[in-house]
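Engineer: Following this message is one structure expressed as structure tokens.
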Amino acid sequence: MKRYSLLTCSLLLCGGMLFNGCSTKETSSQTSTTNVETAENDKNKETITLRLWGAEEDGELLQEMINSFKDTYQNEANLDIQIEAQTEGDCKNAILGDINEAPDVFTFADDQLRSLIAGGVLEPIQYEDDVKANNITAAVDAATLNEKVYAYPITADNGYFMFYNKKYFSDQDVESLDKMLEIADKAGKKVSMDWTSGWYLYSFFGNTGLTLSLNDDGVTNTCDWNSTKTAIKGIDVAKSMLSISNHKSFAAVPDEDFIKGLKDESVIAGVSGTWNATVAEQYMGKNYGAVKLPTYTCAGQQVQMASFAGYKMVGVNSYSANREWAEKLANWISSEDNQKLRFVKRSQGPSNTNAAESEEVKSSLAIKAILAQSEYASLQRVGEGYWDAVSNYGQSFIDKTATEKNLQKLLDKMVSGITTLPSAN
């Protein structure tokens, strides 16, 4: 029996070697065939070239999204997608300035929607049903004109609120700007806000009963911020702003100086947005706080500071040579998973309803603050004349050229600029 077993094993071993030898040759042949077929398939697949504009600071994030997009569609096309840095706030001007050099896909701030539609760059999107089903109503509304959706929302956090250092302020303290300035004064510190931009200065006028609106022409504005007949007059707001600007613990500085102040703790509170949440938390550590904007004293009462609500969008160039693939890419960038990734990588609040309900998003102080402020926010819809006029008005307080004697004159000049076409100024 032993000899038989050995013989059997020998035969099995030899047979196995012979069999394996055939198998190796067959596998090699199959692999070679597969490689040829794969090469042939790649050769037969269409090569799609797309250019994508996005914020410089989003470059790494967008590249990760593109990589997953290419992996998903690798069997359908050879995708060549190039990212180019472009400031989202100036995207409209860059595109309309030279439409021939415009990208296939681009990210932009929602207030540019009308101009991009009027310029023929944006047309109703392909995946409208997806956008309506998956995003919060306010974001969809921001991407809509005449009941047609023209862009893909990607964030719902383009607004501002108050960052503060909990070492100095209690939860009650940050409800009042007056109280915050008082505390900062005692500590020899500053509370900051950018007064060179109409984006922020809307805060003082937005909840006073004074009005600002974009006219039906989509270009000019209606504004009564200089009114002398309303319950809270324009001069009341101007006087409040003068008092704030003259407070020794108030600093009217841009975002970059706010961040520098947080780092050396010369600034212990400041108005900014989610784009500075990560660095603000880094510098304040366990004392990091974020909350809706406070009230300020105006005409003898406490007025809740307002804000503009803004949304970031992905647009598809209607002139794209690969429009169908551009639509797929835009829809991909705005998907639930990629909005979650945007929050993780860039701390930007999602417009996608499922992404917004994730525990990670809900635990963010900055997102909670922007949601609390949204009750007092308005969709930013203003014509071009608004920006320079309000910036010049704010600059007069920074330069100390604003005085009680000329406040009404400054208001009248601002409103004239807001309501006049820029080319006619």
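Engineer: Look at the range 78-113 and say how many of its residues are surrounded by 13 or more Cβ atoms within 10 Å (Cβ to Cβ), among the polar types (S, T, N, Q) and outside any helix (DSSP H, G or I).
Structural biologist: 4
Engineer: Which of the residues spanning the range 39-59 are over 16 Å from the mean Cα position of the chain (by Cα) and modelled with pLDDT of 95 or more? Give the steps one after another, and end with the answer.
Structural biologist: Restricting attention to the range 39-59, the residues satisfying the condition of being over 16 Å from the mean Cα position of the chain (by Cα) are 39-52.
Within the range 39-59, 47, 48, 49, 50, 51, 52 qualify.
Engineer: Follow-up. Please enumerate the residues belonging to the range 114-132 that are part of a helix (DSSP H, G or I) and either closer than 21 Å to residue 218 by Cα or free of Cβ contacts under 8 Å to residues at least 60 places away in the same chain (or both). Walk me through how you get there before you give the answer.
Structural biologist: From the range 114-132, those part of a helix (DSSP H, G or I) are 114-118, 128-132; that's our starting set.
Within the range 114-132, 114, 115, 116, 117, 118, 128, 129, 132 qualify.
Engineer: Can you name the condition, by its number, that residue 216 falls short on among (1) of a type outside the set (Ser, Thr, Tyr); (2) over 27 Å from residue 190 (Cβ atoms); (3) not in a loop (DSSP other than H, G, I, E, B)?
Structural biologist: Only one criterion is unmet by residue 216, namely (3).
Engineer: Can you name the residue in the range 393-425 that is among the small types (Gly, Ala, Ser) and open to solvent by 40 Å² or more (accessible area, probe 1.4 Å) and is also modelled with the lowest pLDDT among such residues? Before you say what the answer is, go through the steps one by one.
Structural biologist: Going residue by residue through the range 393-425, those that are among the small types (Gly, Ala, Ser) are 394, 396, 402, 416-417, 423-424.
Restricting the remaining residues to those that are open to solvent by 40 Å² or more (accessible area, probe 1.4 Å) gives 416, 423-424.
Working: 416: 98, 423: 66, 424: 51.
Taking the candidates together, the pick is 424.
This table checks each residue for (1) over 18 Å from residue 54 (Cα atoms); (2) out of contact with any Ser or Thr (no Cβ under 9 Å at 6 or more places or on another chain); (3) not in a helix (DSSP H, G or I).
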position	(1), (2), (3)
293	yes, no, yes
296	yes, no, yes
302	yes, no, yes
314	no, no, yes
326	no, no, no
332	no, no, no
339	no, no, no
344	no, yes, no
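Engineer: Can you tell me which residues in the range 192-211 are open to solvent by less than 40 Å² (accessible area, probe 1.4 Å), in contact with an Asp or Glu (Cβ under 9 Å, 6 or more places away or on another chain) and farther than 19 Å from residue 269 by Cβ? Give the derivation first.
Structural biologist: Within the range 192-211, the subset open to solvent by less than 40 Å² (accessible area, probe 1.4 Å) is 192-195, 197-206, 208, 210.
Next cut, in contact with an Asp or Glu (Cβ under 9 Å, 6 or more places away or on another chain) only: 192, 194, 198, 200-201, 208, 210.
198, 208, 210, listed by residue number.
Engineer: Still on this model: Being farther than 23 Å from residue 82 by Cβ, out of contact with any His (no Cβ under 7 Å at 6 or more places or on another chain) and free of Cβ contacts under 8 Å to residues at least 40 places away in the same chain: is that true of residue 336 here? Full working, then the answer.
Structural biologist: Values: farther than 23 Å from residue 82 by Cβ: yes; out of contact with any His (no Cβ under 7 Å at 6 or more places or on another chain): yes; free of Cβ contacts under 8 Å to residues at least 40 places away in the same chain: no.
The answer is no for residue 336.
Engineer: Any idea how many residues of the range 238-291 are open to solvent by 20 Å² or more (accessible area, probe 1.4 Å), among the β-branched types (Val, Ile, Thr) and not in a helix (DSSP H, G or I)?
Structural biologist: 2
Engineer: Can you tell me which residue within the range 141-171, out of those that are outside any strand (DSSP E or B) and basic (Lys, Arg), is farthest from residue 313 (Cα to Cα)? Can you show your working first?
Structural biologist: Step one: list which residues in the range 141-171 are outside any strand (DSSP E or B), which gives 141-143, 146-147, 150-151, 154-160, 166-171.
With the extra rule that they be basic (Lys, Arg), the set shrinks to 166-167.
Working: 166: 34, 167: 37 Å.
So, considering only residues that are outside any strand (DSSP E or B) and basic (Lys, Arg), the one farthest from residue 313 (Cα to Cα) is 167.
Engineer: Which residues, taken from the range 65-77, are in a helix (DSSP H, G or I), open to solvent by less than 20 Å² (accessible area, probe 1.4 Å) and not β-branched (Val, Ile, Thr)?
Structural biologist: The first filter runs over the range 65-77 and keeps only residues in a helix (DSSP H, G or I), leaving 65-72.
Filter once more, keeping what is open to solvent by less than 20 Å² (accessible area, probe 1.4 Å): 65-66, 69.
Once the filter is applied, which keeps residues that are in a helix (DSSP H, G or I), open to solvent by less than 20 Å² (accessible area, probe 1.4 Å) and not β-branched (Val, Ile, Thr), the range 65-77 yields 65, 69.
Engineer: In contact with a strand residue (DSSP E or B) (Cβ under 8 Å, 6 or more places away or on another chain), free of Cβ contacts under 8 Å to residues at least 40 places away in the same chain and open to solvent by 70 Å² or more (accessible area, probe 1.4 Å): does that describe residue 148?
Structural biologist: Details: in contact with a strand residue (DSSP E or B) (Cβ under 8 Å, 6 or more places away or on another chain): no; free of Cβ contacts under 8 Å to residues at least 40 places away in the same chain: yes; open to solvent by 70 Å² or more (accessible area, probe 1.4 Å): yes.
No, not satisfied.
Engineer: Quick one: residue 138 ticks every box in (1) in a loop (DSSP other than H, G, I, E, B); (2) within 18 Å of the chain's Cα centre (by Cα) except a single one, so which number is it?
Structural biologist: With respect to (1) in a loop (DSSP other than H, G, I, E, B); (2) within 18 Å of the chain's Cα centre (by Cα), residue 138 is out only on (1).
The values are calculated or read from the model by the stated rules, or taken from the named source; none is laboratory data. Everything numeric in this text was worked out from a predicted model, so none of it was measured. Using ideal geometry, Cβ is built from the backbone for each residue, glycine included, and neighbour counts are taken over all protein chains shown. Remember, those area values only see protein heavy atoms, side chains included, never the ligands or the DNA or RNA. Shrake-Rupley method; radii C 1.70, N 1.55, O 1.52, S 1.80 Å.
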